[in-house]
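Reviewing the structure listed below.
The values are calculated or read from the model by the stated rules, or taken from the named source; none is laboratory data. What you are looking at is a predicted structure, and each value in this text was computed from that prediction instead of being measured. Neighbour counts run over all protein chains shown; Cβ positions are idealised from the backbone, glycine included. Heads up: the accessible areas ignore ligands, DNA and RNA and are worked out on the full protein's heavy atoms, side chains in. Shrake-Rupley method; radii C 1.70, N 1.55, O 1.52, S 1.80 Å.
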Amino acid sequence: MPGLFADLPLNNAPTLSLPRAASGMVAHIICHSDPERFALLYELIWRLTQGEARLCEIHSDPLIHRLERMEKSVRRDLHKMHAFVRFRKVEQDGDERFVSWFEPEHFIVEASAIFFVERFTSLDWAILTPKGSLHWDRARLTIGPPARAEDVPAGDAFEDGWRRYYESTFNPARLNPDLMRSHMAKKYWRNLPEAQSIAELIRRAPSRVREMMEREAQVPRKRDPQKAVEQMQDQAPHSLAALNRLIMRAAPMVQGGTRAVLGEGPLQPCLMLVGEQPGDMEDIEGRPFVGPAGKLLDRALQEAGIERKKVYVTNAVKHFKFEQRGKRRLHAKPNVGEVKHYRWWLKKELDLVRPQVVVALGATAILALKGKALPVGANRGPTEFDGQCGFITVHPSSLLRMQDERDRRDGFRRFVSDLRSASELGKDTCAARENSALAARNG
Ligand code: URA
């Protein structure tokens, strides 16, 4: 029987036309370490050219089945080589070279070359393996003979870098040694600098997970705000104390916030002041407006002839939203979504406190009370919040932020005048209320 190459001139390389699926398979199987690979490929090509052109599609055929497994093994080996080659830096006559030792399972050294050339084009490197070597001098690739592990210089600081990188990205909570072994078979470990850390990382994983869980338990949880609002709506607090219990039990709906800071003051006051959110001091003390902005507010109330203890003081957002910077907790402005999620509480609070006039201090309070954003400057003065008599003025922090002394003094004077006007607005009704309460007490 004539052979596969019978009609081909022996001094020329044979030209065969193969289906596309077969040529990919052949290119990989040629690299396989099985000594039978050439005989198997001969059989494949013979059958393809002798009337079985679609042979590669018949996965149940014993030859195809075996070849597919071989192809897969070579592909996996290539993948591992791309992933696990680690270079050591070597100084040679003032020049920098990078050398690596790798032990592939198959004859894949040449097939892997293009990957490393494209990846490390600007470096001078060599990859030594027992199945051949690659040498790249930034311009030319040379395929060299097999090498020995001793040909590679000893480890250096470059490898320490790899080890530290691996340790810092290792997540003990995701420890799955079986999966690790399947991704990085043990045979590769001895040539990977980071592998030296694996045993210790596995040993320490349980205690590191415990530490992570303890730390996690101390971080305030941000829950699903939408769900939280729905749950709140299922409950209908009929007193301020019941509402406050709900607020105290609920988790913060902003980042940070260690505790809820409740509103404080008498029910049915002439004025209810609504700020933005508690600050660092308020979060520590658990009371609204006790920090620098609170001190300024106290001074303004005093100048306006208003006793703070007769005013109800609260915030649109009940938790301190902040970003941790070292030891400092920096105020972070609540966003529109967050303000709206807290709105349900504020509206309930307003219904239960029943002030004569509610004063929005700044833009966040306006957003919370109106349900939409409005600029403070253009809307300063008397207003209505859903039928409730209201007043818009600036937030005292905006005065603290003013750089110019005169601006600050003028701003403060205007703020005092706003507070006085707001209290005038509600005075008549307040006086009428107090009179009727007095009359009721006197029978
Ligand atoms: N700023 C606010 O808006 N509220 C406070 O309670 C403190 C500062």
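Considering only protein heavy atoms, what per residue accessible area in square angstrom results for segment 235-330 with a 1.4 angstrom probe? Before the final figure, lay out the partial values.
Numbers: 4440 Å² over 96 residues.
In whole numbers, segment 235-330 has 46 Å² accessible per residue.
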*In square angstrom, rounded to the nearest 10, how much accessible surface does Ile202 have for a 1.4 Å probe?*
50 Å²
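Of the heavy-atom accessible surface of segment 13-82 (probe 1.4 angstrom), what whole percent is carbon and sulfur?
In segment 13-82, the share of accessible area belonging to carbon and sulfur is 57 percent.
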*If ligands, DNA and RNA are left out, what is the accessible area of Thr49 with a 1.4 Å probe, given in Å² to the nearest 10?*
60 Å²
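In the neighborhood of Ala260, defined by Cβ-to-Cβ distances under 10 Å, what is the net charge if each Lys or Arg adds +1 and each Asp or Glu adds -1? Please list the in-between numbers first.
On the way: positive: Arg249, Arg259, Lys318; negative: Asp283.
Charge balance near Ala260 sits at +2.
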_Just to be sure I understand the model, the point goes 7 Å from the Cα along the line to the Cβ. What's the resulting Glu150 to Ser60 distance in nm?_
5.5 nm
*With respect to the cross-link table entries Lys327/Lys348; Lys333/Lys427; Lys295/Lys372; Lys318/Lys427, which display a Cα-Cα separation exceeding 31 Å?*
Lys327/Lys348; Lys333/Lys427
*Among the lysines, select those whose C-alpha is under 25 Å from the C-alpha of Lys72, and discard any that sit fewer than 8 residues away in the same chain.*
Lys80, Lys131, Lys186, Lys187
*Once the whole set of protein chains is in place, how much accessible area is left on Arg287, using a 1.4 Å probe, in Å² to the nearest 10?*
100 Å²
*Rounded percent of accessible protein surface that carbon and sulfur make up, segment 270-336, 1.4 Å probe*: 53 percent
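Please compute the net charge surrounding Leu55, taking Lys and Arg as +1 and Asp and Glu as -1 over other residues with Cβ under 11 Å from its Cβ.
On the way: positive: Arg47, Arg54; negative: Glu43, Glu52, Glu57, Asp61.
Here the count lands on -2.
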